[in-house]
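What follows is one structure encoded as structure tokens, with my remarks underneath.
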Amino acid sequence: MTAPPIIEDRRALDALCARVRAAARVAIDTEFHTERTYAPRLMVVQLAFDDGAAIVDALAVPDLRPLALALTETTVAGHALSSDLKIFADRFDLVPPRVFDTQIAAAFLGYGMQISLADLVRDLRGVKLAKSQTVSDWSARPFSSKQIEYLVDDVAHLLPIYDTLRARLEQRGRYEWVYEECAELGDVERYRMDERRAYMRISGATRMSRRELGILNELVKLRDRVARERDLPVRYVLPDDVIAGLAVLKPTHLDDLGQLRRLDAGMKRQLGPAILEAVGRGLTMDEADLPQRPQRPSAPARETLVALLGAEVAEIAREADLPPSLLVPRAALERIARELPADRTAFGASLALQPWRLALVAEPLWSLLTGEAALRIEGYADGDPKVRLSDESTSG
């Protein structure tokens, strides 16, 4: 692939957008920095077409909404696309609806859940990528020749890999599975933060009372608002352990804040009144409006149930040459053990899986739960143990 044009002004960007809209498919990758800003700061966007590539200098052309809109009119291929698409969702509230993620596609072909682009390129293309610029400073200008080589390498092989993976998926009857999986990446709702649940990511939240969770929720919303306004990482505003400590302490006066040693004088001066207001909102919230406490960890019997279901999922996944966690997330099995759906319809709804997954796992798992089938181990004496589901109605 020849040296690509570097897009550095609006006229060149408009021409690139026209090229994107006319293309049947485009490969994409991004470079961004996350260390000192609220949201990732986009530095570079690389694109590859069937007949060449382009590099967009996101610092020289800061308004990339026209490019984001153009990408919604084509099929976008990329590797581990979620982080790239989240930038478009955060900045422009839109993402390309038609995407093909080569990492996801590879997982459906037995490569595991987290294969790197370099490993996939080496296996499918016989090319060893130079990764010397992985930790490069992408805010530096002009780009060096090694940086440009790296940027191009990250997209140059994506469309040929797309073709290879798609052909293999279609041969194995799995392309529709990947299509369903990738369709979720093209839904902008996936990338929006759920404020109602953000507080549950704070360590210690599961041990708090409902009143403390109400305070915690208000503090997390305050932190997010301040971080967004100042374009700072949330941890720079209030670290997680300080947030948790405030929720338990329930301060009502500025002097109370002195009990938290990690809440320094600068934080107290700048955020003290706002912290007390947030705590006050949590303290005066009606009981009915307080967050519900999360389910406690499963009792031993439920853990056993999850383990048994997981064993059967692992065997189904092995036979299908898929990672078990790709087939059925552990959270779905824990939900089954917690809710104990009473009939087959409720069971399928509780699993909340795409149709292709349900087709593989629903019947065997339901048979196991209802006692119509049981697990047994075969092949242990031969050194090749396998978990099998046996029909109890015909046994013994």
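Only the coordinates and a few stated rules stand behind these numbers; no lab work does. Model, not experiment: these values are computed from the prediction. For neighbour counting, all protein chains shown are included, and Cβ atoms are generated from backbone atoms with ideal geometry for every residue, glycine included.
Points worth noting:
- Cross-link partners for residue 268 among the lysines, with Cα-Cα distance under 29 Å and sequence neighbours closer than 8 places in the same chain left out: 221, 250.
- Computed from the Cβ-Cβ distance with R0 of 22 Å, the FRET efficiency linking residue 114 to residue 134 stands at 0.90.
- Computed E for residue 179/residue 9 - FRET, C-beta separation, R0 56 angstrom, nearest 0.05: 0.90
- Added length on full extension, which subtracts the Cα-Cα distance from 0.36 nm per residue, residue 50 to residue 91: 12.0 nm
- Of all DSSP beta bridges in the chain, antiparallel share, percent nearest 5: 70
- Shown for 199, 191: other C-beta atoms within 10 Å of each C-beta, ranked fewest to most, produce the order 191, 199.
- Test item: Cα-centred dipole of the chain, Lys/Arg +1 and Asp/Glu -1 on Cβ, debye: 1060
- Label of the coordinate-derived value, Kirkwood radius over Cα pairs in Å, listed as (1) 22.5; (2) 21.8; (3) 24.7: (3)
- Note, ³J(HN,Hα) from phi for region 380-390, Karplus 6.51, -1.76, 1.60, rounded to Hz, x at Gly and Pro: 4, 5, 8, x, 9, x, 9, 8, 10, 9, 9
- For region 249-263, backbone phi angles converted through the Karplus equation (6.51, -1.76, 1.60; θ = phi - 60°) give residue-by-residue couplings of 5, 6, x, 10, 9, 4, 4, 5, 5, x, 6, 9, 5, 8, 8 Hz, Gly and Pro being listed as x.
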